[in-house]
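Notes for the one structure printed next.
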Amino acid sequence: EAGVVQSPRYKIIEKKQPVAFWCNPISGHNTLYWYLQNLGQGPELLIRYENEEAVDDSQLPKDRFSAERLKGVDSTLKIQPAELGDSAVYLCASSFRPPPGETQYFGPGTRLLVL
Amino acid sequence: GDSVTQMEGPVTLSEEAFLTINCTYTATGYPSLFWYVQYPGEGLQLLLKATKADDKGSNKGFEATYRKETTSFHLEKGSVQVSDSAVYFCALTPSSYKLIFGSGTRLLVRP
């Protein structure tokens, strides 16, 4: 069974440029998550989708961040414009059902460096 | 609010030593508890979980018991290997349904 796929794995951009990350969850998983992981810290939830619906986006900085999950499968997370403080690892995860107790499967992440 | 506190690393052990990584939590209700592991260059992987008090999660020789009276979920392994070197994250899902992680503990096992 294929795991969660993310691309790109690494991205270097200059500040004020836009950037987008793509995630393909495990087949059949209805719940999709985007997390932000700063260096030396645990991941923090940005947004959670149930199928196409964003059911928890309270931690998403909506002035510059946006996300979509068209057709309830793949998802894209966008930052426009990027700031120096956005340098971090962006993780995508999926689960068959919503939390709690449900195992979340993580992708390898996209490491973003903003110069 | 809900939170997880882990012992700071790095933890450095010799091969075959006994491992304990402490984890305590603050949460309302009855959260589910997890240990995730992140090997170098890889994504987070679920190591084990427990969904109710006194449950013991186990996998690959690692164990952790859900202790509600002490709000703890300490990770243990009787004999570590070099291949266990990684960063270990304790996490919980409280009533808010959000997976909340600790800051991680780096384990380094020397041959």
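Tell me which residues, restricted to segment A:105-115, are surrounded by 20 or more Cβ atoms within 10 Å (Cβ to Cβ) and aliphatic (A, V, I, L, M).
Within segment A:105-115, A:L112, A:V114 meet the criteria.
Mind checking whether some residue in segment A:10-17 is touching a strand residue (DSSP E or B) at 6+ places or on another chain (Cβ under 8 Å), among the hydroxyl-bearing types (S, T, Y) and without any contact (Cβ under 8 Å) to a residue 60 or more places away in the chain?
For segment A:10-17, residues touching a strand residue (DSSP E or B) at 6+ places or on another chain (Cβ under 8 Å), among the hydroxyl-bearing types (S, T, Y) and without any contact (Cβ under 8 Å) to a residue 60 or more places away in the chain: absent.
Suppose the filter is within 14 Å of chain A (Cβ to nearest Cβ), within 19 Å of B:G1 (Cα to Cα), out of contact with any helix residue (DSSP H, G or I) (no Cβ under 7 Å at 6 or more places or on another chain) and open to solvent by less than 60 Å² (accessible area, probe 1.4 Å); does B:G57 pass it? It would help to see each step written out before you state the result.
Values: within 14 Å of chain A (Cβ to nearest Cβ): yes; within 19 Å of B:G1 (Cα to Cα): no; out of contact with any helix residue (DSSP H, G or I) (no Cβ under 7 Å at 6 or more places or on another chain): yes; open to solvent by less than 60 Å² (accessible area, probe 1.4 Å): yes.
So B:G57 fails the test.
Which ones in segment B:26-45 are more than 10 Å from chain A (Cβ to nearest Cβ) and modelled with pLDDT of 95 or more?
B:W35, B:V37
Out of the residues in segment B:81-99 meeting the condition of being facing chain A (nearest Cβ under 8 Å) and at negative phi, tell me which one is nearest to the chain's Cα centre (by Cα).
B:F89
Quick one: A:Q41 ticks every box in (1) in contact (Cβ under 8 Å) with a residue 24 or more places away in the chain; (2) within 24 Å of B:G102 (Cβ to Cβ) except a single one, so which number is it?
Among (1) in contact (Cβ under 8 Å) with a residue 24 or more places away in the chain; (2) within 24 Å of B:G102 (Cβ to Cβ), the lone unmet condition for A:Q41 is (1).
Going through segment A:94-115 one residue at a time, which ones are of a type in the set (A, V, I, L, M, F, W, C) and at pLDDT 95 or above?
A:L112, A:L113, A:V114, A:L115
How many residues, within segment B:66-96, are crowded, with 17+ Cβ neighbours inside 10 Å and over 19 Å from B:G29 (Cβ atoms)?
Result for segment B:66-96: 10.
If a residue must be of a type in the set (D, E, K, R) and under 18 Å from B:Q81 (Cα atoms), how many such residues does segment B:55-70 contain?
Within segment B:55-70, residues that are of a type in the set (D, E, K, R) and under 18 Å from B:Q81 (Cα atoms) number 2.
Which of (1) surrounded by fewer than 17 Cβ atoms within 10 Å (Cβ to Cβ); (2) without any contact (Cβ under 8 Å) to a residue 60 or more places away in the chain; (3) among the polar types (S, T, N, Q) is the odd one out, the single condition B:S3 does not satisfy?
Every condition holds for B:S3 apart from (2).
Considering only segment B:13-54, state which residues are open to solvent by less than 70 Å² (accessible area, probe 1.4 Å), in a strand (DSSP E or B) and among the hydroxyl-bearing types (S, T, Y).
Result: B:T20, B:T24, B:Y25, B:S32, B:Y36.
So which strands (runs of 3 or more DSSP E) stay within segment A:1-104 end to end and still have 1 or more residues that are exposed (fewer than 14 other Cβ atoms within 10 Å of the Cβ) and at the interface with chain B (Cβ under 10 Å from one of its Cβ atoms)?
The strands (runs of 3 or more DSSP E) meeting that bar are A:53-56.
It is to be established whether one or more residues within segment A:20-33 are closer than 23 Å to B:V4 by Cα and of a type outside the set (S, T, N, Q). Even if it seems obvious, please write down each step before you answer.
First pass over segment A:20-33, keeping only residues closer than 23 Å to B:V4 by Cα: A:32-33.
Now narrow it down to the ones that are of a type outside the set (S, T, N, Q): A:32-33.
So far as segment A:20-33 goes, yes, one or more of its residues are closer than 23 Å to B:V4 by Cα and of a type outside the set (S, T, N, Q).
Would you say B:L48 is within 13 Å of another protein chain (Cβ to nearest Cβ) and free of Cβ contacts under 8 Å to residues at least 40 places away in the same chain?
Details: within 13 Å of another protein chain (Cβ to nearest Cβ): yes; free of Cβ contacts under 8 Å to residues at least 40 places away in the same chain: yes.
The answer is yes for B:L48.
The values are calculated or read from the model by the stated rules, or taken from the named source; none is laboratory data. Computed from a predicted structure; not experimentally measured. Quick reminder, even Gly has a Cβ in these numbers, built from the backbone with ideal geometry, and neighbours come from all protein chains shown. Areas reflect the complete protein model, heavy atoms only, side chains present, ligands, DNA and RNA absent. Shrake-Rupley method; radii C 1.70, N 1.55, O 1.52, S 1.80 Å.
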